[in-house]
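S.K.: Here you go, one structure.
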Amino acid sequence: MKKIFKINADCANCANEMESVANDTEGVKNAVVNFMTLKMTVEFEDGADFKAVMKNVRERCRKIDDECEIFL
Amino acid sequence: MTPKQKKNLIRIIVAAMLMIALEFVPSTGAARFFLYMIPYLIVGYDLLIKATRGIKNLRALDENFLMAVATLGAISLAVYDNGDYTEAVAVMLFYQIGELFESYAVGKSRKNISELMDIRPDFANIETENGIEQVDPDEVEIGTEIIVKPGEKIPIDGVIISGKSTIDTVALTGESLPRDVDIGAEVVSGCVNINGVLKIRTTKLFGESTASKILDLVENASSRKSKSEEFITKFARVYTPIVVACAVALAIIPSIVTGDFATWIYRALIFLVISCPCALVISIPLTFFAGIGGASREGILIKGSNFLETLSKVKTVVMDKTGTLTQGVFDVSDIHAKDFDANQLIHLAAHAERYSTHPIGISIKNFYPNENDNCDVEILEEIAGQGIRAKINGEIISVGNEKLMDAVGAKWKACDKAGTIIHVAIAEKYIGHVVISDVVKPTAKKSVEEMFAAGIENIFMLTGDSEKVAAQVAAELGIKNYRSELLPADKVTELEKILAVEKNSKVAFVGDGINDAPVLSRADVGIAMGAMGADAAIEAADVILMDDDPLKISRAVKISRKCLRIVKQNIYLAIGIKILCMILGAVGLANMWFAIFADVGVMILAVLNAIRALFTH
């Protein structure tokens, strides 16, 4: 399953960090962050509860920087 | 500017003025320290907070942390050494100027590009008992009659049922010449109605309409990253730790050897200032974003930065003939009369085809527009697979192929022109024939020349048409390589053969999206042409040309090359200047002012260079 989320990131580097954090989160098969369009495309593992996974991703992204946010 | 950017700008201005003022205030010792801390904290407090949080979350090596260490280090050295705090304050100040510029430039180009693609219709007008009412286009069902007033966007694809107008398709196709539309014309959403009021019966739902499809595509385009972007992301991940490691080594080893701690720690701090990979990390995706945005303004939609990158490496273009190089519609291309007036010949043929619904018959009628004159026309018989016999002004006219001519006993002559030949005879007397062929697009020849000029080395033409037709079109357009009489499946096989030969360069396939979807997806880059409204093509292709002008192929290649050129310039510029500064810093030829100017300056130059990709001409 693939979903696209709107995000907020302050700088390109933060966006890259968010991408790597999301990719390291359990239940995420592949995540791509596009800083220019402020979108995160997440492909989930089969059978993963995407809402729970995304909450986890958001939690971890917020630690990167104050401005990092994912709109679920 | 956003409120946050304004706030930062004010902080920068206040800190800069304070710093200049302090130059004229003589002070020493602790008083001097506290005085200089005022501008430092005004401009840098948020960075220090972020740096602390970074450490708490065990993510130490971010840019905030590095800048904090560099500036705090410089301050400590100043306390210990000469009381010159300006350097530390200046580094923080310029760093923040750079950050502000970056966020402004990125915000500005985001806005620019979204304005370029401003085709999202906000409402649809529906006629109700209470007059015209504006409704959400999402709620409009198929078959609803909607009204589009002058100046409004057409919200949903449909057919005009009353009114005529001129519509502006520039946002969709890049074609600046407006198009005249009349009753019965199919119109697509996203076009702007210029002068007349149109009543349109919708043929699609809003979500399935052209404007929605394109917006969807553009917004989700760049989730596919190019190799250059991936390289930079990886580079940034290793670059910072390596530079920091070098800085630590530079601070410790020579200090122990020489015993001169202040000098070497200072030089190590310069490394930290340069260690921020901002210039690269921001400018590369910005370039692709601007390139894709600029291309979409010209009616060239590119589905991702990876395709923009592949497009720039294309050396071989394989083209479908019908609908790509030719119009895909039949037209009378020649009239060969034998001892007879050519105009009279087509006149008679058009009469015979008066009621014909066959594409060939229609093309003859279209060629002779005033067919319905006062001639006495009576259709005698229509023989399937042969032609038509009619009685015109008392004479029996036969219009059809060789079989019909043989049947009426007319001595027909073969034609050396490629195309469908329609013979005409009066009774059994042969008077000549009409050649009907698919018409080459007016820009097709120029497009081939432009492609060669743009550095494309090979152009192939694939067609299901006969060898004779293919040879003629290829010769006319200056294409040396062509394959004819191919079934749709054969086109994939032919493309695979070409792909096998051109292993080291990229191959693009250009088609009109009708039954060539498999070929489009097999090529390195699939380019679909005239795709407005053709859903299958939009799905299968990587690059979509909104109108059907083949000249856009070379434009797309040129845009991609320019974009990749800028990407390369930025990579070399940023890495080169940073390495140079590090060397100069290590040997003591560069101070911290130099380092921060190099860092912020390179970033600003790289961003300005990236924005150049937006200008496609």
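S.K.: Summing Lys, Arg as +1 and Asp, Glu as -1, what charge do residues with Cβ under 13 Å from the Cβ of B:TYR430 carry, B:TYR430 excluded? Walk me through the numbers before you get to the answer.
M.R.: On the way: positive: B:LYS338, B:LYS411, B:LYS413, B:LYS429; negative: B:ASP339, B:GLU402, B:ASP406, B:GLU428.
Its environment carries a net charge of 0.
S.K.: For chain B, list log₁₀ I(q)/I(0) at each q in 0.07, 0.09, 0.12 Å⁻¹, using the Debye formula over Cα point scatterers of equal strength and ignoring solvent, two decimals each.
M.R.: After summing over all Cα pairs, the log10 values are -0.64, -0.88, -1.20.
S.K.: Work out Dmax and Rg for segment B:305-456 from the C-alpha atoms and quote the Rg first, both in angstrom.
M.R.: My reading of the Cα-based Rg and Dmax gives 20.3, 68 Å.
S.K.: As a test, work out the antiparallel percent of DSSP beta bridges whose residues both lie in the protein assembly as shown, rounded to the nearest 5.
M.R.: Among the beta bridges of the protein assembly as shown, antiparallel pairing accounts for roughly 80 percent.
S.K.: Alpha carbon centre of segment A:26-41 versus segment B:381-419: separation in Å?
M.R.: 66
S.K.: Only Lys, Arg, Asp and Glu count, each charged at its Cβ (+1, +1, -1, -1), so figure out the dipole size of segment B:256-365 about its Cα centre, rounded to 20 debye. Could the numbers behind the result be given before it?
M.R.: Details: 9 positive and 9 negative charges, 70 e Å.
Roughly 340 debye for segment B:256-365.
S.K.: Still on this structure, I have one more. Take the alpha carbon atoms of segment B:157-230, find their center, do the same for segment B:534-555, and report the distance between the two centers in whole angstrom.
M.R.: If you average the Cα positions of each part, the centres end up 15 Å apart.
S.K.: Could you tell me the relative contact order of chain B? Use alpha-carbon pairs under 8 Å, at least six residues apart, and round to a whole percent.
M.R.: Details: 1165 pairs, mean separation 88.6, N = 617.
This gives 14 percent for chain B.
S.K.: Moving to a separate point now. Any idea what the relative contact order of segment B:233-345 is, in percent, if you count C-alpha pairs under 8 Å spaced at least 6 apart?
M.R.: Working: 56 pairs, mean separation 18.9, N = 113.
Contact order relative to length: 17 percent.
S.K.: Continuing with this model, one more query. Please arrange B:LYS403, A:LYS63 by counting, for each residue, the other beta carbons lying within 10 Å of its beta carbon, fewest first. Don't jump to the answer; show the numbers that get you there.
M.R.: Numbers: B:LYS403 13, A:LYS63 16.
Ordered by Cβ neighbours within 10 Å, fewest first: B:LYS403, A:LYS63.
S.K.: Per the helix-only calculation at 222 nm, which mean residue ellipticity applies to the protein assembly as shown, given -39500 (n - 2.57) for every DSSP H run of n ≥ 4 and division by its residues, nearest 500 deg cm²/dmol?
M.R.: Values: 22 runs with 343 residues, N = 689.
Theoretical 222 nm ellipticity from helices: -16500 deg cm²/dmol.
S.K.: Could you please rank B:MET92, B:MET67, B:MET17, A:MET36, placing first whichever residue has the fewest other Cβ atoms within 10 Å of its Cβ? Provide the component values of the computation, followed by the final result.
M.R.: Values: B:MET92 29, B:MET67 26, B:MET17 11, A:MET36 23.
Ordered by Cβ neighbours within 10 Å, fewest first: B:MET17, A:MET36, B:MET67, B:MET92.
S.K.: Alpha carbon centre of segment B:59-92 versus segment B:288-320: separation in Å?
M.R.: Centre-to-centre distance over Cα atoms comes out at 45 Å.
S.K.: For segment B:124-220, just the Cα set please: Rg and Dmax, both in angstrom.
M.R.: In Å, with Rg to one decimal and Dmax whole: 12.7, 41.
S.K.: To continue, here is another question. Take segment B:262-347, drop everything but the C-alpha atoms, weight them equally and run the Debye formula without solvent; then report log10 I(q)/I(0) at 0.13, 0.14, 0.26 Å⁻¹ to two decimals.
M.R.: So the normalised log intensities are -0.76, -0.80, -1.21.
S.K.: Right, another one. To make sure I understand, if each residue's beta carbon is the centre and we count other beta carbons within 10 Å, what order do B:LEU18, B:LEU177 fall in, fewest to most? Intermediate values should be presented prior to the final figure.
M.R.: Working: B:LEU18 18, B:LEU177 9.
Fewest-to-most ranking of B:LEU18, B:LEU177: B:LEU177, B:LEU18.
S.K.: In the neighborhood of B:TYR266, defined by Cβ-to-Cβ distances under 15 Å, what is the net charge if each Lys or Arg adds +1 and each Asp or Glu adds -1?
M.R.: Values: positive: B:ARG267; negative: B:ASP81, B:ASP84, B:GLU87, B:ASP260.
Surrounding charge for B:TYR266 is -3.
S.K.: To continue, here is another question. Can you give the local net charge around B:LYS313? Use residues other than it whose beta-carbon is closer than 15 angstrom to its beta-carbon, Lys and Arg +1, Asp and Glu -1. Spell out each step's value before the answer.
M.R.: Details: positive: B:LYS227, B:LYS315, B:LYS503, B:LYS506, B:LYS558, B:ARG561, B:LYS562, B:ARG565, B:LYS568; negative: B:GLU309, B:GLU457, B:GLU502, B:ASP524, B:ASP542.
The answer is +4.
S.K.: Also: Taking only C-alpha pairs under 8 Å that are 6+ residues apart, what is the relative contact order of segment B:380-539 in percent?
M.R.: Working: 231 pairs, mean separation 17.9, N = 160.
Relative contact order comes out at 11 percent.
S.K.: Using the beta-carbon distance between B:ILE49 and A:LYS6 and R0 = 35 Å, what value does 1/(1 + (r/R0)^6) give for FRET efficiency, to the nearest 0.05? Display every interim value, and only then the final one.
M.R.: Numbers: r = 26 Å, r/R0 = 0.74.
The calculated FRET efficiency here is 0.85.
S.K.: Could you tell me which of B:ALA211, B:VAL170, B:ILE146 has its Cα farthest along the dipole of segment B:124-220 towards the positive end, charges placed at Cβ (Lys, Arg +1; Asp, Glu -1), taken about the Cα centre?
M.R.: Towards the positive end, the residue furthest out is B:VAL170.
S.K.: With only Lys, Arg, Asp and Glu charged, each at its Cβ (+1 for the first two, -1 for the last two), find how big the charge dipole of segment A:2-71 is about the Cα centre; round to the nearest 20 debye. Walk me through the intermediate numbers first.
M.R.: Details: 11 positive and 14 negative charges, 57 e Å.
Charge dipole of segment A:2-71: 280 debye, to the nearest 20.
S.K.: Antiparallel DSSP bridges in segment B:425-573: what percent, to the nearest 5? Don't jump to the answer; show the numbers that get you there.
M.R.: Working: 2 of 12 bridges.
Expressed as a percentage, antiparallel bridges in segment B:425-573 total about 15.
S.K.: Sticking with this structure for a sec: Per residue and in cubic angstrom, what volume does the convex hull of the Cα atoms of the protein assembly as shown have?
M.R.: Numbers: hull volume 147.9 nm³, N = 689.
Residue-normalised Cα hull volume stands at 215 Å³.
S.K.: With the Cα gyration tensor of segment B:482-562 giving a ≥ b ≥ c as the square roots of its eigenvalues, does the rule (a/c under 1.5 for rounded; else a/b larger than b/c for prolate; else oblate) give rounded, prolate or oblate? Mind showing how you got there, number by number?
M.R.: Details: a/c = 1.87, a/b = 1.15, b/c = 1.63.
Verdict is oblate for segment B:482-562.
S.K.: Ok, one more. Treating only the Cβ atoms of Lys and Arg (+1) and Asp and Glu (-1) as charged, compute the dipole magnitude of segment B:328-439 about its Cα centre; round to the nearest 20 debye. Before the final figure, lay out the partial values.
M.R.: On the way: 10 positive and 17 negative charges, 41 e Å.
I would put it at about 200 debye.
S.K.: Further question: I need the per residue convex hull volume for segment A:2-71, using only the alpha carbons, in cubic angstrom as a whole number. Before the final figure, lay out the partial values.
M.R.: Details: hull volume 4.5 nm³, N = 70.
Taking only Cα atoms, segment A:2-71 has a hull volume of 64 Å³ per residue.
S.K.: When the convex hull of the C-alpha atoms of segment B:1-137 is computed, what volume per residue in Å³ does it have?
M.R.: Details: hull volume 24.2 nm³, N = 137.
Roughly 177 Å³ of hull volume per residue.
S.K.: Just need log10 I(q)/I(0) for segment B:236-285 at q = 0.16, 0.21, 0.30 Å⁻¹, Debye formula, equal scatterers on the alpha-carbon atoms, no solvent, rounded to two decimals.
M.R.: -0.48, -0.68, -1.02
S.K.: Could you check what % of the DSSP bridge pairs in chain B are antiparallel, to the nearest 5? It would help to have the intermediate numbers written out before the result.
M.R.: Details: 57 of 77 bridges.
The antiparallel proportion sits near 75 percent.
S.K.: Here's something else I'd like to know. If the viscosity is 1.306 mPa s and the temperature 10 °C, what translational diffusion coefficient in µm²/s does Stokes-Einstein give for segment B:375-476 when Rh comes from Kirkwood over Cα pairs?
M.R.: Values: Rh = 16.3 Å.
D = 98 µm²/s.
S.K.: Anything in chain B that counts as a DSSP H helix reaching 18 Å or more along its axis (C-alpha) with Kyte-Doolittle mean of at least 1.6? List them, would you?
M.R.: Working: long enough: B:3-23 (30 Å, 0.69); B:29-56 (33 Å, 0.81); B:63-80 (25 Å, 1.44); B:86-116 (44 Å, 0.20); B:227-258 (45 Å, 1.15); B:261-274 (20 Å, 1.94); B:278-297 (28 Å, 1.46); B:488-501 (21 Å, 0.25); B:551-586 (53 Å, 0.89); B:592-611 (29 Å, 2.10).
The answer, listed by residue number, is B:261-274, B:592-611.
Each reported figure results from applying straightforward, stated rules to the coordinates on display, with no laboratory input. A quick note: this is a predicted structure, and the numbers were derived from the prediction, not measured. So basically every Cβ, Gly included, is an ideal-geometry build from the backbone, and we count neighbours across all protein chains shown.
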